[in-house]
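What follows is a short report on a single structure.
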Amino acid sequence: MVNKIGSPAHAPAVEQSAALMPLAVRKRRGRGRPSAGEAEDVRKKLLDAARDLFPRYGYRGVSSRQIGAAAGVNFAMIRYYFGGKPGLYREMLQGVLQPARSTLDEMSAAHSPPPLADVLENMTRSWAANPWVAGFVVREVLAPDGPMRAMFLKEFPERLTPVVERLVEGEMAAGKLRADLDPRMLVLSIVSLAVFPFLTLPLTTRVFGVCNDEKFVERFLHHTAELLARGAGSAAFSN
């Protein structure tokens, strides 16, 4: 059946239904997918909020709703862009660890590995520049039920140890390091020297004056490199 102006008779009902549709729904349908610029803006806001909240309260202490509220976006966008809270956490960590991962990749691919001193410096500066990582490691990795232990081990220490160990063995073979040293124990010593002062910053700051400014980092690197190269120079530690 057709009405007087040539439109189907049920058209007024359709128009009425559309008129009654909530404005927000009609706008959402009209907009379609967000533009690339809008998507990048939302992702950045969520990552910024994650970098602020996760290190302070831990993975389990922050909800998706809290992250969304801090970012000023619908928390459902976390699932849309990152697949959920675990994906957001993973991407936040990867962003922080990317410089270290890139260094490892370059070291693995290089025909002539970098000097051991450069490895020590990169490691030290990475920890000094990201003081929040210490709290993350203690709470999320070292705790008995640390939710991010497996991810952290896979992304960093398990990749770092064999690369640096091969570097140490190469320098031993070239006569640059003592051949009677245990390569893996030397790697452990290097990691301990570079990481421990910043991993325990609340204590080492009060007891030893450790801080993460450039002046201290330079002084610490000089001391550590000299200690590794020449030892303490005393018979006090010999058998």
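The values are calculated or read from the model by the stated rules, or taken from the named source; none is laboratory data. Since the model is a prediction, treat every value here as computed from it, not as a measurement. Here Cβ is always computed from backbone atoms with ideal geometry, including for glycine, and neighbour counts include all displayed protein chains. When the accessible area is computed, the model is the full protein with side chains, heavy atoms only, and any ligands, DNA or RNA have been set aside. Shrake-Rupley method; radii C 1.70, N 1.55, O 1.52, S 1.80 Å.
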Could you pull the accessible area for residue 80 with a 1.4 Å probe, rounded to 10 Å²? 130 Å²
Suppose each label sits 7 Å from its Cα in the direction of the beta carbon; what would the residue 74-residue 36 distance come out to in nanometres? 2.4 nm
Leaving out ligands, DNA and RNA, and with a 1.4 Å probe, what % of the accessible surface on segment 178-239 is carbon or sulfur? 61 percent
Evaluate the distance, in nm, between pseudo-label points positioned 7 Å from the Cα of residue 48 and of residue 161 along their respective Cα→Cβ axes. 3.9 nm
Rounded to one decimal in nm, the spacing of the 7 Å Cα→Cβ label points at residue 223 and residue 203 is 1.7 nm
What does the accessible area of residue 89 come to, in Å² to the nearest 10, when a probe of 1.4 Å is used? 0 Å²
Note down the accessible area of residue 48, probe 1.4 Å, to the nearest 10 Å². 70 Å²
